[in-house]
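**Student:** One structure, pasted below without further comment.
The values are calculated or read from the model by the stated rules, or taken from the named source; none is laboratory data. Note that the coordinates shown come from a computational prediction; the quantities given were computed from them, not determined experimentally. Methodologically, a virtual Cβ is constructed for each residue, glycine included, from the backbone with ideal geometry; neighbour enumeration extends over all protein chains shown.
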């Protein structure tokens, strides 16, 4: 009897040990997963979304009601000119809130708010035609990006091109000149955005080729586009 009991006890002990071991491993796996989830950094955005809650609410509404009308056109134009369609859509939203009939007292019109002269140079015959406007805006942004010095890298290259779309390439050149004078890097957007507002200051713009410009508005323009881009690239 003892010869039979001892092996049985050992067998039961071995089974219990295995079960305990499996249980420990399972608990360890569960604990590790929970710990990893807790320690993992939250999803990050390309830029801090510093927008009033009301603006975000309006954007969400327009994403549902307006963006579907133009999404394919943003995608096609972006592909044609080597851009991100969400970037182009974010810019279009900043320009007109995706309103194809948008008009400004300064004379710019359409979804991408092109001037008459710029539209003509891009082959846009009807600025209120959203397809033409989106294609023209994409072509213009790509053209501006291509005119920048080769040593300006992305993403700074894109942000500076957006600034040129808003304020004009001449004023961007002035801002780059001013950045150099102040010992800053003219090829980096973080440096350039600190000097653009100085283009409203007579002490500075009088010494520059293209003169006065509302550079602070351009900084705001690029900041908003980046915020909209961040929101468009995640579920909202």
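**Student:** Condition (residue is within 16 Å of residue 132 (Cβ to Cβ), surrounded by 15 or more Cβ atoms within 10 Å (Cβ to Cβ) and touching a helix residue (DSSP H, G or I) at 6+ places or on another chain (Cβ under 7 Å)) applied to segment 58-72: is it met by at least one residue? Step through it out loud before you land on a result.
**Tutor:** First, the residues of segment 58-72 that are within 16 Å of residue 132 (Cβ to Cβ): 69-70, 72.
So of that shortlist, the ones also surrounded by 15 or more Cβ atoms within 10 Å (Cβ to Cβ) come out as 70.
Now restrict to residues that are touching a helix residue (DSSP H, G or I) at 6+ places or on another chain (Cβ under 7 Å): 70.
Yes, segment 58-72 contains at least one residue that is within 16 Å of residue 132 (Cβ to Cβ), surrounded by 15 or more Cβ atoms within 10 Å (Cβ to Cβ) and touching a helix residue (DSSP H, G or I) at 6+ places or on another chain (Cβ under 7 Å).
**Student:** Exactly one of (1) surrounded by 23 or more Cβ atoms within 10 Å (Cβ to Cβ); (2) under 28 Å from residue 230 (Cβ atoms) is unmet by residue 174. Its number?
**Tutor:** The number of the failed condition is (2).
**Student:** Being over 12 Å from the mean Cα position of the chain (by Cα) and assigned to a helix (DSSP H, G or I) is the filter here, so list the residues in segment 80-91 that pass it.
**Tutor:** Step one: filter segment 80-91 for residues over 12 Å from the mean Cα position of the chain (by Cα), giving 80-82.
80, 81 - these are the residues of segment 80-91 that are over 12 Å from the mean Cα position of the chain (by Cα) and assigned to a helix (DSSP H, G or I).
**Student:** Restricting attention to segment 207-225, which residues are in a helix (DSSP H, G or I) and without any contact (Cβ under 8 Å) to a residue 12 or more places away in the chain? Step through it out loud before you land on a result.
**Tutor:** We begin by selecting, within segment 207-225, every residue in a helix (DSSP H, G or I); these are 215-225.
220 - this is the single residue of segment 207-225 that is in a helix (DSSP H, G or I) and without any contact (Cβ under 8 Å) to a residue 12 or more places away in the chain.
**Student:** Is it true that residue 117 is assigned by TED's automatic domain parsing to the domain that holds residue 217, within 21 Å of residue 78 (Cα to Cα) and assigned to a helix (DSSP H, G or I)?
**Tutor:** Details: assigned by TED's automatic domain parsing to the domain that holds residue 217: yes; within 21 Å of residue 78 (Cα to Cα): no; assigned to a helix (DSSP H, G or I): yes.
Taking the combined requirement at face value, the residue does not satisfy it.
**Student:** It is to be established whether one or more residues within segment 189-200 are surrounded by fewer than 17 Cβ atoms within 10 Å (Cβ to Cβ) and not in a helix (DSSP H, G or I).
**Tutor:** no
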